[in-house]
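Comments concern the structure below.
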Amino acid sequence: MRPSLLAALAAAASKREADGLYRRLRTVDAGDGRHATVDGRRYLVFGSNDYLGLAHHPDVVAALGRAVQAGSGAAHLVNGHTREHSALEEALAAWTGREKSLLFSTGMMANAGLMQVLLGSVAGSISIQDRLNHASLIDGARAAGAELRRYPHGDADGAARQLALRPGHAALVSTDGVFSMDGDIAPLATLAGICRREGALLHVDDAHGLGVIGQQGAGSVVAANLGMADVPVLMGTLGKALGTSGAFVAGSSSLVEGLVQFARSYIYTTAMPPALAAASRVAVGLAQAADDRRARLASLVARFRAGAGQLGLALLPSSTPIQPLILGEAGIACAVAAALAAEGILATAIRPPTVPVGKARLRLTFSALHEPSDIDRLLEALDRAVPETVRDRAVQ
Ligand SMILES: *Cc1c(COP(=O)(O)O)cnc(C)c1O
């Protein structure tokens, strides 16, 4: 008998629920960047990627409000590529120090497109990746049909070993700049040296570094003093610190032109609304000039880390606004998140398979819009919620 696809899906979902790993949607009513109303109740939020608070910046919102058309009406190569898209691409290229940039509708699509094109251009290409890379990078390599080899998190020597094992193969080394779940920064300078020596191409996904670190917030590549020759393929998203939505790939003219020719996730999809491009360009200008917001963010992070240290909450070595609190079992992470929620604080429990088994955590993120008193309120709630048993053995 032919197996039923829907019955198999229902069985997989039941198993996930039985394992305590079921994911549930929450419907959020508009917030102000610090607070959000969820199911009729107001919460202080520590789970947004809007690190600079630009999603609620009046100038960004006003740019959206000036829209004269709701959508672009077509793909870029048809007639959806407006003056606003082109101006945003120029602003992103200038900010990141690249010849050109190319807009994609999402970060998932940007990574899928560039990996399909680059890994597909030479038979037998290999994709070498940090074990904690974002899902879009893993999926991009798989969809491109490349052999995927992963190295231990942050281990540039591990990347070098993988390359040395396959000397005759074209290779793309891909890494998050700032890791989305751990908040730490990839060893980019070392990776760049290895890639140069091995003739491999380095690809950095800077979704969480852009706007947050580096001179003028230009991201982790600039923070590591590297340029386009060191990191020829830079991908960034607009939906995190820039506060809007969308993504881009920046690099040489020939890289960008090649993507326009061949990237299926660029070619066969509707261009983002022009007003979104306009709002994103306003956000880029604000992010470049946001040293005050970055300084405020850094002081909030320092306040949190000092307070957490006093409570015996062992944190990961992160200096970014992503501050994971590792709690171990998924059940404990959920219980702590529920206890915080009962006190009006929203923090997301992140469980397997998003993170490895035994590494369930609260992924706490901070915004320049938070007040120091918000951090204190969070710390007091954590002190009540986190069991003593997980306070010191939390990080191995
Ligand atoms: C969020 C994220 C993406 C995906 O970007 P979207 O625009 O949300 O699709 C890709 N890579 C990393 C590291 C991310 O954090």
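The values are calculated or read from the model by the stated rules, or taken from the named source; none is laboratory data. Note that the coordinates shown come from a computational prediction; the quantities given were computed from them, not determined experimentally. Cβ: placed from backbone, ideal geometry, glycine included. Neighbour counts: every protein chain shown. Side chains are part of the model used for accessible areas, which takes the heavy atoms of the whole protein and leaves out ligands, DNA and RNA. Shrake-Rupley method; radii C 1.70, N 1.55, O 1.52, S 1.80 Å.
Numbers for the structure displayed
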| read-out | value |
| --- | --- |
| Residues of the stretch 128-153 satisfying the condition of being in contact (Cβ under 8 Å) with a residue 24 or more places away in the chain and more than 15 Å from the ligand (Cβ to nearest atom) | Ile128, Ala144, Gly145, Ala146 |
| Test for Leu44: is it under 30 Å from Gln288 (Cα atoms), assigned by TED's automatic domain parsing to the domain that holds Val231 and surrounded by 11 or more Cβ atoms within 10 Å (Cβ to Cβ) | no |
| Unique match (being under 16 Å from Ala250 (Cα atoms) and in contact with a Phe, Trp or Tyr (Cβ under 6 Å, 6 or more places away or on another chain)) among Ala112, Ala218, Ala159 | Ala218 |
| So Phe366, is it touching a Pro at 6+ places or on another chain (Cβ under 6 Å), of a type in the set (Phe, Trp, Tyr) and under 30 Å from Leu238 (Cα atoms) | yes |
| Failed criterion for Leu315 (all others in (1) more than 26 Å from Ala112 (Cβ to Cβ); (2) in the same structural domain as Pro187 (by TED's automatic domain parsing) hold) | (2) |
| Candidate set: the stretch 100-125, residues that are farther than 14 Å from Val256 by Cα and away from the ligand (no atom under 15 Å from the Cβ); chosen: the one nearest to the chain's Cα centre (by Cα) | Leu119 |
| Some residue of the stretch 276-287 being away from the ligand (no atom under 16 Å from the Cβ) and surrounded by fewer than 16 Cβ atoms within 10 Å (Cβ to Cβ) | yes |
| Failed item in (1) under 20 Å from Met109 (Cβ atoms); (2) away from the ligand (no atom under 16 Å from the Cβ), with Ala189 passing the rest | (1) |
| Any hit, the stretch 126-149, residues being of a type in the set (A, V, I, L, M), buried (at least 17 other Cβ atoms within 10 Å of the Cβ), within 19 Å of Arg196 (Cα to Cα) and over 20 Å from the mean Cα position of the chain (by Cα) | yes |
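Conditions (1) surrounded by fewer than 24 Cβ atoms within 10 Å (Cβ to Cβ); (2) of a type in the set (Val, Ile, Thr); (3) within 12 Å of the ligand (Cβ to nearest atom), marked per residue:
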position: His203; (1), (2), (3): no, no, yes
position: Met228; (1), (2), (3): yes, no, no
position: Gly236; (1), (2), (3): no, no, yes
position: Leu242; (1), (2), (3): no, no, yes
position: Gly246; (1), (2), (3): no, no, yes
position: Ile267; (1), (2), (3): yes, yes, no
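Yes or no, residue by residue, for (1) open to solvent by less than 30 Å² (accessible area, probe 1.4 Å); (2) under 23 Å from Gly246 (Cα atoms):
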site	(1), (2)
Asp155	no, no
Arg166	no, no
Ala170	no, no
Met181	no, yes
Gly193	yes, no
Ile213	no, yes
Val221	yes, yes
